Amino acid sequence: MTLAQGAKLAGRISGDSTVAYAWAYAQAVESITCTAPSSRALALRGVFLELERIHNHLGDLGYLGNDVALAFGFTQFWILKEDLLRL
């Protein structure tokens, strides 16, 4: 498989952690090829990884509300998660 195909596969392993798996794949490729990403690329990776982490936490908080039959809490956190995903 080509590097581009590998990147696509890495990003599709887990829908909730697409950025994390893609970043890990990129680090592996960079290590093997002895290349270094630009500081801008590293900064963008960090921003996207933090956004992914936040949206995962919002989903988890929504599920906690759902587990105790608090549909309003579930809905509110999932609205926030959806807004973040659309960003």
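Just one of the listed residues (46, 62, 73) is open to solvent by less than 40 Å² (accessible area, probe 1.4 Å), farther than 16 Å from residue 21 by Cβ and at pLDDT 90 or above, and it is 62.
If you check residue 22 against the conditions, is it in a helix (DSSP H, G or I), within 23 Å of residue 59 (Cβ to Cβ), hydrophobic (A, V, I, L, M, F, W, C) and touching a Gly at 6+ places or on another chain (Cβ under 8 Å)? When the stated conditions are applied, residue 22 passes them. Residues that are closer than 24 Å to residue 81 by Cβ, open to solvent by less than 40 Å² (accessible area, probe 1.4 Å) and assigned to a helix (DSSP H, G or I) within region 1-18 comprise 10, 11, 17, listed in sequence order.
Checking each residue in region 25-41 for being part of a helix (DSSP H, G or I) and exposed (fewer than 12 other Cβ atoms within 10 Å of the Cβ) picks out 31, 32, 33, 39, 40.
Considering only residues in region 1-43 that are at pLDDT below 95 and basic (Lys, Arg), the one that is nearest to residue 73 (Cα to Cα) turns out to be 12.
The values are calculated or read from the model by the stated rules, or taken from the named source; none is laboratory data. None of these values were measured; they are calculated from a predicted model. Note that each Cβ is placed from the backbone with ideal geometry, even for glycine, and that neighbours are counted across all protein chains shown. Surface areas here come from the heavy atoms of the whole protein model, side chains and all, with no ligands, DNA or RNA. Shrake-Rupley method; radii C 1.70, N 1.55, O 1.52, S 1.80 Å.
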